[in-house]
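The values are calculated or read from the model by the stated rules, or taken from the named source; none is laboratory data. Remember, it's a predicted structure, so these values are computed and weren't measured experimentally. Here the Cβ positions follow ideal geometry from the backbone for every residue, glycine too, while neighbour counts run over all protein chains shown. Only protein heavy atoms, including side chains, enter the accessible area calculation; ligands, DNA and RNA are left aside. Shrake-Rupley method; radii C 1.70, N 1.55, O 1.52, S 1.80 Å.
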Amino acid sequence: TQLLEQSPQFLSIQEGENLTVYCNSSSVFSSLQWYRQEPGEGPVLLVTVVTGGEVKKLKRLTFQFGDARKDSSLHITAAQPGDTGLYLCARTPPFSGGSNYKLTFGKGTLLTVNP
Amino acid sequence: DAMVIQNPRYQVTQFGKPVTLSCSQTLNHNVMYWYQQKSSQAPKLLFHYYDKDFNNEADTPDNFQSRRPNTSFCFLDIRSPGLGDAAMYLCATSRGGDDPQFFGPGTRLTVL
């Protein structure tokens, strides 16, 4: 089983603080997706990282993919209450040419940003 | 312009009374998924379809069944809901492979 370890599991911070969420595995990712799930809604894709060492920015969110493609991080600068939600990393299946279309999710990081 | 629609958003049922949750998509994606999600946890995959090919997860209880009559629609049937089945049920679609999954807003199931 190709498990994803995500940390921290819970994070409660004040508005304006910075934070980082980590996603790690013992095996290489083909690619990794980050999702955000707001309370009472389904997860929404934030970004997909594919290339080792890749950095992607989405406004105040910075996503990094480790050089060895075994880890990824999400950094939020100057967090706002609207950033509150469950952040999930998910690895895509290795291409097999078969019928494996399942994502493997990390356990998630529940972020609360207090005003 | 909703892409993955789930109905109803909230469903209340009684212990042991069968319930059906529905999902429809306008994306014409080959793959449709059903997940169970309990509070603040990651979604747990129950099963998925690639077109009409059904793929059940090994640990999905027999109490959970699914139907996909056509590309656009997929149903989750819970034959005899127990209190432990109270959860958010998420439907998702994708083209498969490395493509992202598009999730519906979920159905919150309460079992009385």
With charges set only on the Cβ (+1 for Lys and Arg, -1 for Asp and Glu), what does the dipole of the protein assembly as shown come to about its Cα centre, in debye to the nearest 20?
220
Quick check on chain B: what does the Kirkwood estimate of hydrodynamic radius come out to from the alpha carbon pairs, in Å?
13.9
Förster-model FRET efficiency, 30 Å R0, A:Thr51 and B:Asn7, C-beta, rounded to 0.05:
0.15
If only Cα atoms are counted, what is the Rg of the stretch B:1-49, and what is its Dmax, in Å?
12.8, 36
Where the convex hull is taken over the Cα atoms of the stretch A:15-114, what is its projected area averaged over directions, in nm²?
6.6
Could you sort B:Ser40, A:Ser25 by accessible area so the largest value comes first, with the probe set to 1.4 Å?
B:Ser40, A:Ser25
Can you give the average number of partner chain beta-carbon atoms within 10 Å of each beta-carbon in peptide B:41-48, as a whole number?
5
Rel. contact order, % - alpha carbon contacts under 8 angstrom, at least six apart, the stretch B:4-101:
37
When chain A is modelled as a GNM with alpha-carbon springs shorter than 10 Å, which of A:Leu58, A:Leu46, A:Leu11 fluctuates the most?
A:Leu58
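On the protein heavy atoms, probe 1.4 angstrom, tell me the percent of accessible surface of the protein assembly as shown carried by carbon and sulfur.
50
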Please go through the residue pairs A:Lys56/B:Lys38; A:Lys70/A:Lys102; A:Lys57/A:Lys107 and name each one whose alpha carbons sit more than 28 Å apart in this structure.
A:Lys56/B:Lys38
How much area per residue is accessible in the stretch B:4-101 when the probe is 1.4 Å and only protein heavy atoms are counted (Å²)?
47
For chains A and B, what's the summed buried accessible area, probe 1.4 Å, to the nearest 100 square angstrom?
1800
